[in-house]
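Let me begin by presenting the structure, written as structure tokens, before commenting on it.
The values are calculated or read from the model by the stated rules, or taken from the named source; none is laboratory data. These figures come from a predicted structure and were not determined experimentally. Every residue, glycine as well, gets a Cβ built from its backbone with ideal geometry; the counts of neighbours run over all protein chains shown. Heads up: the accessible areas ignore ligands, DNA and RNA and are worked out on the full protein's heavy atoms, side chains in. Shrake-Rupley method; radii C 1.70, N 1.55, O 1.52, S 1.80 Å.
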Amino acid sequence: QVQLVESGGGKVQAGGSLRLSCVASGRTFSNYAMGWFRQAPGNEREFLAVISRSGGSTAYANSAKGRFTISRDNANNTVYLQMDSLKPEDTAVYYCAADAQLMSRNHRDYDYWGQGTQVTVSS
């Protein structure tokens, strides 16, 4: 089992920045690719970014590319999502997830999920 706990969400004005953190415990963190997703009310869970086990490879959704940056610190079992130039449409609950098999963009491939952290961007 892997336990994931997100933090860093909050309320910010459009154009602002937030840095989300996700701390893992349980099994060896570096055995998992880590992804960030978000879900707004009435919407499906949306892929944002994924980072490989070593941190050497990343991939982004078009909605995140150029504004969001995923990174990880395997020594401290933490994955981050730096979010800049935030827009009101970025308002959602943000989740981190662990994937033992692939650097997948599909939320169904992920094995473990955090509880989510709310991000609200006002105009």
Starting from residues that are hydroxyl-bearing (Ser, Thr, Tyr) and part of a loop (DSSP other than H, G, I, E, B), keep the ones in segment 16-38 and report whichever is farthest from the chain's Cα centre (by Cα). Thr28
Tally of residues being touching a Phe, Trp or Tyr at 6+ places or on another chain (Cβ under 9 Å) and over 22 Å from Asn76 (Cβ atoms) across segment 3-36: 0
Quick one: which residue in Gln13, Gln115 is within 12 Å of the chain's Cα centre (by Cα), open to solvent by 50 Å² or more (accessible area, probe 1.4 Å) and of a type outside the set (Lys, Arg)? Gln115
Could you tell me whether any residue of segment 21-31 is of a type in the set (Gly, Ala, Ser), touching a residue at least 40 places away in the same chain (Cβ under 8 Å), open to solvent by 20 Å² or more (accessible area, probe 1.4 Å) and under 14 Å from Val93 (Cα atoms)? yes
Criterion first (of a type in the set (Gly, Ala, Ser) and at pLDDT below 95) does Gly114 satisfy it? no
Given the criterion in contact with a strand residue (DSSP E or B) (Cβ under 8 Å, 6 or more places away or on another chain) and modelled with pLDDT under 95, identify the matching residue among Leu81, Leu102, Leu86. Leu102
